[in-house]
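This report concerns only the one structure given below.
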Amino acid sequence: MLSLRVERCAAAALLLALAACSKEPINLSNGFTPPESSLAYSNQKGGGAENICRVYIGDIADKRTDKDTMGLIGLRVVHGADPVAWLRSGLATLKRDRRIVLADSTSNSDLDLDVDILKAYVINITSDKSANVVVRVHYSRNGAAAGDRVIRGIETGWNWADGGDETQSAFDDALDDLLKTLDQDIAAHCAPGAATQAASSASSP
């Protein structure tokens, strides 16, 4: 029995070593998959009709300096087939917060968002990996600017085997971290009196 366990451990170690030596590129998905814990957290939120915020997601622009790669894991280059589509699929999950309704146009929205992707990359930190996503959100309301906000999402964890699935999961977790901050920021912009305060600030000398 002991010999069998040793053989299994040795086989597992060999598989990890072979995966770590791989030089094949990692191609990320265009679709965002939120963690189950995040879904449970968001579904607990709610409120009456007076607390509903209708949000229109407008243009998403990729303004990264390096658009060819999204970092390096071990010896594997990470590519995102369409980071804009991936981010948009993540933004679409904001409706998990039952206070948010996604509008199909600016004509029936309370708040409009245009988003710039500033950074999206993963790096090695000793035995860990860190996925980072940074965006700039441009808020507007009824065609008038309502402020900008730079938001970062981060996920740092053990790098098991330079694997594609774990890299995708790290990026999804980093985006989910970003979306939690964005969710709070949207709530602040949609709070009673926020529109009046923003208009007052914009008109001040």
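No value in this document is a laboratory result; all are computed from the given coordinates. Worth saying up front: this structure is predicted, and the values here are computed from it rather than measured. Ideal geometry is used to build each Cβ from the backbone, glycine not excepted, and the neighbour counts take in all protein chains shown.
General remarks:
- D62 long-range amide H proximity, modeled H, under 5 Å: I117
- With θ taken as phi - 60° and the Karplus curve 6.51 cos²θ - 1.76 cosθ + 1.60 applied, the whole-hertz 3J(HN,Hα) list for region 146-158 is 10, x, 10, 8, 8, 10, 10, x, 9, 9, 10, x, 4 Hz, x standing for glycine and proline.
- Cut-off under 5 Å, modelled amide H: who pairs with I26 long-range: V77, V78, H79
- Descending by average beta-carbon neighbour count within 10 Å, the peptides 58-65, 154-161 line up as 154-161, 58-65, the highest first.
- Residue exposure sequence - L182, L87, L75, L102 - by fewest surrounding Cβ within 10 Å: L75, L102, L182, L87
- Cβ-to-Cβ counts within 10 Å put D116, D177, D165 in ascending order as D165, D116, D177, the fewest first.
- Residue by residue, region 104-117 carries 3J(HN,Hα) couplings of 9, 6, 6, 6, 10, 10, 9, 8, 10, 10, 10, 10, 10, 7 Hz when phi is fed to the Karplus relation 6.51 cos²θ - 1.76 cosθ + 1.60 (θ = phi - 60°); x denotes Gly or Pro.
- Taking other C-beta atoms within 10 angstrom as a stand-in for reagent exposure, H189, H138 fall in the order H138, H189, fewest first.
- Where labels lie 7 Å past Cα in the beta-carbon direction, separation of L72 and D128 in nm: 2.1 nm
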